[in-house]
């Protein structure tokens, strides 16, 4: 199988490595242009570009993927494989490869279409999720399903661990399914569009914690939204990143957001139970334990997260 890959994050790297290990030929990696990062706004390549250059794979970085049309046509791939690319790909590009274009999506479609399916599964308290391979059309995550593979979400999973599990699962699914799909052995079936649900591109504002929610909802929020866009609150007018919590099965008669001393460190009241703050990052400082943060708080009895 000769294929081109379009992607930006590291999510697709295990799949590329597995397909190449199995003898398939990666002709080209299409990824986003280098972007300014950090305080100095230095131009930085995407993880896919870094990986491809390390493998001596040809790289293309069009501002708009339509500009890559002549290059794709010249290479005559069997397939365009897409994962976390970050641009809507027009039908003119999707139809260029002989066998069309396939997207790797991090949920069991039609549930959680869109940009943040892994985060959505965690914040909604799902107990399972998975990988879906679809034939791409001009609509977002809309095309016929080639294959799905489900995994369990454990209580210990956060975004980083689930992201890694799904990226590794995608590699196995693609290695098993794509050769048979390109040979016409496996056929795709339409999605049930009436059952579709959607996710969105997340912003920093989405990470703000609402302490009037239940302890479980807040815990899931923190599991799903770290490291990006990050979860945060404010204390005495300063931004505090909340990086880790543990649910406490104790109900105090306090307002949501009220801070108090617990035997194991710093606790905060939610709508029902409380949460032990295990890791925080105060504004302008490095991450620290909740206990160390507690030691620096004056007038604890008056303090609320907002």
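The values are calculated or read from the model by the stated rules, or taken from the named source; none is laboratory data. What you see is a predicted model, and the numbers here were worked out from it, not measured in a lab. Cβ coordinates were reconstructed from backbone atoms using ideal geometry, including for glycine residues, and neighbour counts include every protein chain displayed.
Which ones in the stretch 5-16 are assigned to a helix (DSSP H, G or I) and either out of contact with any helix residue (DSSP H, G or I) (no Cβ under 7 Å at 6 or more places or on another chain) or over 17 Å from residue 79 (Cβ atoms) (or both)? Steps first, answer last, please.
So in the stretch 5-16, the residues assigned to a helix (DSSP H, G or I) come out as 10-16.
Of everything in the stretch 5-16, those that are assigned to a helix (DSSP H, G or I) and either out of contact with any helix residue (DSSP H, G or I) (no Cβ under 7 Å at 6 or more places or on another chain) or over 17 Å from residue 79 (Cβ atoms) (or both) turn out to be 10, 11, 13, 14, 16.
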Filter result for the condition that a residue is in contact with a strand residue (DSSP E or B) (Cβ under 7 Å, 6 or more places away or on another chain) and assigned to a helix (DSSP H, G or I), over 239, 216: 216
Any idea which residue in the stretch 142-159 is surrounded by the most Cβ atoms within 10 Å (Cβ to Cβ), counting only those that are without any contact (Cβ under 8 Å) to a residue 40 or more places away in the chain and assigned to a loop (DSSP other than H, G, I, E, B)? 153
In the stretch 123-132, the residues that are in contact with a helix residue (DSSP H, G or I) (Cβ under 6 Å, 6 or more places away or on another chain) and either buried (at least 23 other Cβ atoms within 10 Å of the Cβ) or under 16 Å from residue 9 (Cα atoms) (or both): 129, 131
How many of the residues in the stretch 229-256 are surrounded by fewer than 17 Cβ atoms within 10 Å (Cβ to Cβ) and farther than 22 Å from residue 157 by Cα? 11
Every pair of residues 6+ apart whose Cβ atoms lie under 6 Å, when the first sits in the stretch 174-198 and is at pLDDT 95 or above while the second is assigned to a helix (DSSP H, G or I): 174/15; 175/18; 186/180
Checking the condition assigned to a strand (DSSP E or B) and either at pLDDT 95 or above or surrounded by fewer than 22 Cβ atoms within 10 Å (Cβ to Cβ) (or both), which residue from 102, 50 passes? 102
Search result, residues across the stretch 258-273 that are within 28 Å of the chain's Cα centre (by Cα) and within 10 Å of residue 246 (Cβ to Cβ): none
Touching a residue at least 60 places away in the same chain (Cβ under 8 Å), closer than 21 Å to residue 13 by Cα, touching a helix residue (DSSP H, G or I) at 6+ places or on another chain (Cβ under 8 Å) and assigned by TED's automatic domain parsing to the domain that holds residue 11: does that describe residue 162? no
Which one is surrounded by the fewest Cβ atoms within 10 Å (Cβ to Cβ) among residues in the stretch 257-306 that are modelled with pLDDT of 95 or more and on the phi > 0 side of the Ramachandran plot? 265
